Amino acid sequence: MTIIDLVEAATPAAGTSSFDLDADTVRDLNRTLHRAADGERFTVGNPGGRHSIGAGISAELALDVEGHVGYYAAGMNQGGTVTIRGNAGVGVAENMMSGTVRVAGDASQSAGATAHGGLLVIEGNAAARCGISLKGADIVVGGNIGHMSAFMAQAGRMVVCGDAGEALGDSIYETRIYVKGTVASLGADCVAKEMRDEHRAELAELLAAAGLEHNPADFTRYGSARTLYHFNVDNSSAY
Amino acid sequence: MTLTASTSISGTAPSPAELGLRESATFDRATISDIRRAAETGIYDIRGWGAKRALPHFDDLLFLGASMSRYPLEGYREKCGTDVVLGDRYASRPLRLDIPVTIAGMSFGALSANAKEALGRGASAAGTSTTTGDGGMTPEERGQSRNLVYQYLPSRYGMNPDDLRKADAIEIVLGQGAKPGGGGMLLGQKITERVAGMRTLPVGIDQRSASRHPDWTGPDDLEIKIAELREITDWEKPIYVKIGASRPYYDTALAVKAGADVVVLDGMQGGTAATQQVFIEHVGIPTLAAIPQAVQALQELGMHRKVQLIVSGGIRNGADVAKAMALGADAVAIGTAALIALGDNDPAYADEYAKLGSAAGFYDDFQDGRDPAGISTQDPELSARLDPVAAGRRLANYLRVLTMEAQTIARACGKAHLHHLEPEDLVALTVESSAMARVPLAGTQWIPGAGGTGY
Amino acid sequence: MCGIAALQVRNTALRPQMGSLLTGMLCQIIERGPDSAGMAVYNNPDLVAEGFATLSLLGIDLGISARDLERVLGSSLPVGGGTKVRELGDTTLLSAEVDAETLAGAVGASYPGVVVAGRGEHVTVMKSVGNPKDVAERHGLAGMSGTQGLSHTRMATESAVTASGSHPFAVADDLCLVHNGSFSNHASVRRELQRLGVAFDSENDTEVGARYVAHRLSAGDDLETALTNLGKVLDGFYTLVVTTADSMAVVRDPIACKPAIIAETEDYVAIASEFRALAHLPGIESARIFEPEPGRVYTWNL
């Protein structure tokens, strides 16, 4: 049983509004979501890889999408709990402010780009530039992440239960990254750091929130060496 | 850049010219100073302002006023309209401005909070819009701006869906004229606690912002991004796309195809808060050369005046406004000129500019945050020098003068609205400006490169 | 700037449906490139035959009757006779029992303005301006069987919206290439290829990519090596899909901003710019779906 099944089992389906995107438009769906109140529930069938599904949610509502979504699903989410039972296209949960977005499959590039808050869980793999310019959200990836992930990441936390691609954390600011598997290469100014108790505790909390079982002791922490915070000509080869 | 202290000229020492010394045109004193500075510091020169070199510009164009074949309007009696609607292609709430002169995007961070407030006050009083910049929207700015355009930039500093919904229009920024293809730069002195907080950055670091958007590249993906922003704002807000002038024919066409309501075109004279000098002076094309290309793209797509064109980069007076509009712009935007109206480079601060190694009229070290006029700074004492009410009034005055000057010219050309100005009302003074603006050399029917006659 | 949809059908029972599946994919990527479109279909028995070169021609004035064309060209071909002409939408198909080079030479001599949009014994290339859905309909794509197919919708960036500027670029026998993105040094590579004697049909940056691949293949590279070499020579942002008589390949530049997604089943391999183009393929629920990694060449042979 995955965490999604658990959530499903715990929540009654009563009072749920359903959309079928073979019949309804994304505009209909989003207009309804933008007017919805806290606590309302919605399901979406036949997403068919359409774009901007659930973009601009600003209430504490629940949205379950049965299938694969296109670009910018749950973009700029504020407070919504969005579950995608499939793969997500480019920029899932981009610039999320709060709430939870969960992708049961894989996520394309720029997942969680510039997200300020909330939790993004990708149970499968995430492609390139996962968490680019991250500004405070938490991202937990069950599988691997692609190259240039956490590029220029400013704040927030990122957990990778698989492997990381090339140039992890290039030009990183204050985001903390935890990787269980291998890192193909570290980007400029990103270094491995000591795992102290507070980091293991923080990681355990994030894994629990994501519903993923891993031993925090198996992870390595990465973060900024802070050597590029002030321009210095001696670092010019790093730019 | 900082002026190097010149050798003091004593009463007796002859000048270099008197000595018959010849200055190299290739290695002139400014060039020698640049090389010395690079050798000493190992850092390229970063500065504000736009291109300082001489470029073909609006000054090289003249209007053909009415006389016998055309009839002028009476200056103080007959109406010459100045209003403009921006973004009515798809947005349910387009902007309706009284005057076609808008305020370009300038960030809180690059500018002080008082300067931003003054821009909002001045623009609102004159019936036009102002624009946020990299770093998000401040309450002062939103509060004082009747029409506020929210910039959506590669860095997404302070990007917030609540502010997106509060905005009157959204401007997706691909680039700016001072640095097409370049990202932003804000040095540590200006990353105060408030600026850092808004941008989610450590206080006092040198901030390099991105040159490409993090979640889309190219017009095919931009179309999907525009659709997302429309979805989030329920198709209410006009969506502008701002480009730095380099290949404006293609970029304008692609912005239209990607679904823009408005194209903002910034020529290389457009300002910046902090960019490498080599970038400012050597990348991009002059505003004059950019406008006809963009207009041609709009016309070929049947979208001229349907997707509006806002032109910026070196607009200084009402003649520039009228010339940009005659070449096909629907509106213009001012940045540097607006800062000067607020009080930037004011000779009243001559002594203080001197202390910084600069002079009134030359000061461009906006990145240092030590602006005596309190505009391009985050220093609380310096910022406090700018009274946002008084500065806002100066800006409103200036905007009204720009508008009245443009009307003066339009009436002289027999136009009851600024939008009725057309390229055929213009001639060029130089071969270069004639080729770039695609209007005939004065007194001839010749447009270099056009292959045919003028008209 | 563009949309890509390509399908290699591995299950022979599914090959009669190749055209209808590809049409469904193409219709999902129209917004990425509404200006013009192009399609390539491989091994359709009604259109191509082994031993016969088939040319897909653009710009034949339809005032010329098929009979005239046959007669003019037939007389200038070495064997004479055996020439067949067929109108397919905006495309004229010409086949003869000669090699493609000879046939193209005959066309060029008699009709200098005509563009050879496709050539070989296995491929038919159809390109036109207008809405991609209409282009597909005019050519009857949905009714075509085939072993594999490639389609492209185009939002022209720096070159004209013309049929010849549409993708795919098919510049060598049975070789087709489509591109999403833009090359940043194509002018220099074009000049270098021209110096080596390669001739070009258009100002399009993608044609430079196609000519480069053809040049490398003729120099002895296999497809994978040719695409690896392309990555060393051409700078910029790209997702490329390349097809030959019996293979299909995809490669993205090392930064990999332009999208691509692959679905693999026992029955087929499908590649598209966006998932929505794959959403309606049979068995997609259980397909292996993944994005090609940056800078890595993926190939599938029939």
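The values are calculated or read from the model by the stated rules, or taken from the named source; none is laboratory data. Since this is a predicted model, take the numbers as computed values, not measurements. Glycine also receives a Cβ, built like all others from the backbone with ideal geometry; neighbour counts cover every protein chain displayed. In case anyone asks, the SASA skips ligands and DNA or RNA and just uses the protein heavy atoms, side chains included. Shrake-Rupley method; radii C 1.70, N 1.55, O 1.52, S 1.80 Å.
Annotation: residue A:149 fulfils all but one of (1) surrounded by 23 or more Cβ atoms within 10 Å (Cβ to Cβ); (2) within 11 Å of chain B (Cβ to nearest Cβ); (3) hydroxyl-bearing (Ser, Thr, Tyr); the unmet one is (2).
Would you check which residues across segment B:18-54 are open to solvent by less than 40 Å² (accessible area, probe 1.4 Å), in a loop (DSSP other than H, G, I, E, B) and either under 24 Å from residue B:313 (Cβ atoms) or in contact with a strand residue (DSSP E or B) (Cβ under 6 Å, 6 or more places away or on another chain) (or both) and list them? It would help to see each step written out before you state the result.
Filtering segment B:18-54 for residues open to solvent by less than 40 Å² (accessible area, probe 1.4 Å) gives B:33, B:42, B:45-48, B:50-51.
Now drop any that are not in a loop (DSSP other than H, G, I, E, B), which leaves B:42, B:45, B:48, B:50-51.
Of everything in segment B:18-54, those that are open to solvent by less than 40 Å² (accessible area, probe 1.4 Å), in a loop (DSSP other than H, G, I, E, B) and either under 24 Å from residue B:313 (Cβ atoms) or in contact with a strand residue (DSSP E or B) (Cβ under 6 Å, 6 or more places away or on another chain) (or both) turn out to be B:45, B:48, B:50, B:51.
The test for being open to solvent by 10 Å² or more (accessible area, probe 1.4 Å) and more than 13 Å from chain C (Cβ to nearest Cβ) does not hold for residue A:85. Sub-9 Å Cβ pairs linking a first residue in segment B:25-50 that is under 26 Å from residue B:267 (Cα atoms) and acidic (Asp, Glu) to a second residue that is open to solvent by less than 40 Å² (accessible area, probe 1.4 Å) and part of a helix (DSSP H, G or I), at least 6 apart or interchain, are B:34/B:277; B:45/B:277, ordered by first then second residue. Considering every residue within segment B:150-163, establish whether at least one is of a type in the set (A, V, I, L, M) and touching a helix residue (DSSP H, G or I) at 6+ places or on another chain (Cβ under 9 Å). No.
Only residues that are surrounded by fewer than 22 Cβ atoms within 10 Å (Cβ to Cβ), more than 8 Å from every other protein chain (Cβ to nearest Cβ) and either in contact with a Cys (Cβ under 8 Å, 6 or more places away or on another chain) or modelled with pLDDT under 95 (or both) were counted across segment B:197-239, and they come to 6.
Conditions (1) of a type in the set (D, E, K, R); (2) surrounded by fewer than 21 Cβ atoms within 10 Å (Cβ to Cβ); (3) within 25 Å of residue C:78 (Cα to Cα), marked per residue:
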{"residue": "C:103", "(1), (2), (3)": "no, no, yes"}
{"residue": "C:106", "(1), (2), (3)": "no, no, yes"}
{"residue": "C:109", "(1), (2), (3)": "no, yes, yes"}
{"residue": "C:117", "(1), (2), (3)": "no, no, yes"}
{"residue": "C:126", "(1), (2), (3)": "no, no, no"}
{"residue": "C:148", "(1), (2), (3)": "no, no, no"}
{"residue": "C:153", "(1), (2), (3)": "no, no, no"}
{"residue": "C:165", "(1), (2), (3)": "no, no, no"}
{"residue": "C:171", "(1), (2), (3)": "no, no, yes"}
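Within segment B:57-102, track down each residue that is under 30 Å from residue B:257 (Cα atoms), assigned to a loop (DSSP other than H, G, I, E, B) and open to solvent by 30 Å² or more (accessible area, probe 1.4 Å). Hits for segment B:57-102 are B:83, B:88, B:89, B:90, B:92, B:93, B:98.
Of the listed requirements (1) within 14 Å of chain C (Cβ to nearest Cβ); (2) open to solvent by less than 20 Å² (accessible area, probe 1.4 Å); (3) in contact with a Ser or Thr (Cβ under 8 Å, 6 or more places away or on another chain); (4) more than 22 Å from residue A:206 (Cβ to Cβ), residue A:75 misses just one: (1). Can you tell me which residues in segment A:173-213 are open to solvent by 60 Å² or more (accessible area, probe 1.4 Å) and touching a helix residue (DSSP H, G or I) at 6+ places or on another chain (Cβ under 8 Å)? Matches in segment A:173-213: A:176, A:180, A:200, A:213. Selection of first residues in segment C:38-49 that are closer than 8 Å to residue C:144 by Cβ and of second residues that are open to solvent by less than 10 Å² (accessible area, probe 1.4 Å) and β-branched (Val, Ile, Thr), restricted to Cβ pairs under 6 Å at least 6 apart or on distinct chains, gives the following pairs, ordered by first then second residue: C:41/C:124; C:47/C:124.
Can you tell me which residue in segment A:88-106 is farthest from the other protein chains (Cβ to nearest Cβ), limited to those that are surrounded by fewer than 24 Cβ atoms within 10 Å (Cβ to Cβ) and in a strand (DSSP E or B)?
Here is the first cut: in segment A:88-106, the residues surrounded by fewer than 24 Cβ atoms within 10 Å (Cβ to Cβ) are A:97-98, A:100, A:104-105.
Pick out the ones that are also in a strand (DSSP E or B) and you get A:98, A:100.
Numbers: A:98: 11, A:100: 16 Å.
Here the residue is A:100.
Within segment A:42-72, restricting attention to residues that are in a loop (DSSP other than H, G, I, E, B) and more than 10 Å from every other protein chain (Cβ to nearest Cβ), the residue that is farthest from residue B:162 (Cα to Cα) is A:61.
Looking only at segment B:181-196, filter to residues that are part of a helix (DSSP H, G or I) and buried (at least 18 other Cβ atoms within 10 Å of the Cβ); which one of those is nearest to the other protein chains (Cβ to nearest Cβ)? Going through the qualifying residues, I end up with B:188. Taking the listed residues C:287, C:249, C:214, C:272, the one that is within 14 Å of another protein chain (Cβ to nearest Cβ) and under 16 Å from the mean Cα position of the chain (by Cα) is C:272, with no other qualifying.
Among the numbered conditions (1) in contact with a strand residue (DSSP E or B) (Cβ under 7 Å, 6 or more places away or on another chain); (2) farther than 28 Å from residue B:55 by Cα, the only one that residue B:364 does not meet is (2). Residues that are open to solvent by 10 Å² or more (accessible area, probe 1.4 Å) and hydrophobic (A, V, I, L, M, F, W, C) were ranked within segment B:296-314; the one that is nearest to residue B:97 (Cα to Cα) is B:303.
Tell me whether segment C:5-12 contains one or more residues that are within 23 Å of residue C:299 (Cα to Cα), under 14 Å from the mean Cα position of the chain (by Cα) and of a type in the set (Gly, Ala, Ser). Yes, there is a match, as at least one residue in segment C:5-12 is within 23 Å of residue C:299 (Cα to Cα), under 14 Å from the mean Cα position of the chain (by Cα) and of a type in the set (Gly, Ala, Ser). Report yes if residue C:48 is more than 14 Å from chain B (Cβ to nearest Cβ) and at pLDDT below 90, otherwise no. No. Only a single item in (1) open to solvent by 10 Å² or more (accessible area, probe 1.4 Å); (2) at pLDDT 90 or above; (3) among the charged types (D, E, K, R) is not met by residue C:32, and it is number (1). If you filter segment A:214-224 down to residues that are more than 14 Å from chain B (Cβ to nearest Cβ) and farther than 18 Å from residue A:121 by Cβ, you find that the one that is surrounded by the most Cβ atoms within 10 Å (Cβ to Cβ) is A:222. Which of the residues belonging to segment C:183-216 are surrounded by fewer than 19 Cβ atoms within 10 Å (Cβ to Cβ) and in contact (Cβ under 8 Å) with a residue 24 or more places away in the chain? Answer for segment C:183-216, where residues must be surrounded by fewer than 19 Cβ atoms within 10 Å (Cβ to Cβ) and in contact (Cβ under 8 Å) with a residue 24 or more places away in the chain: C:184, C:185, C:201, C:202, C:203.
Sort out which residues of segment C:249-280 are aliphatic (A, V, I, L, M) and open to solvent by 10 Å² or more (accessible area, probe 1.4 Å), and write them in order of number. Spell out how you get there, then give the answer.
Taking segment C:249-280 as the starting set, the residues that turn out to be aliphatic (A, V, I, L, M) are C:249-251, C:255-256, C:260-263, C:269-272, C:277-279.
Within segment C:249-280, C:255, C:261, C:279 qualify.
Screening residue B:370 with (1) under 29 Å from residue B:245 (Cβ atoms); (2) in contact with a helix residue (DSSP H, G or I) (Cβ under 8 Å, 6 or more places away or on another chain); (3) open to solvent by 20 Å² or more (accessible area, probe 1.4 Å) gives one miss only, at (1).
Looking across segment B:153-175, the residues that are more than 20 Å from residue B:200 (Cβ to Cβ), more than 9 Å from chain A (Cβ to nearest Cβ) and not aliphatic (A, V, I, L, M) come down to B:168, B:171, B:175. The condition of being among the charged types (D, E, K, R) and free of Cβ contacts under 8 Å to residues at least 60 places away in the same chain holds for residue B:247.
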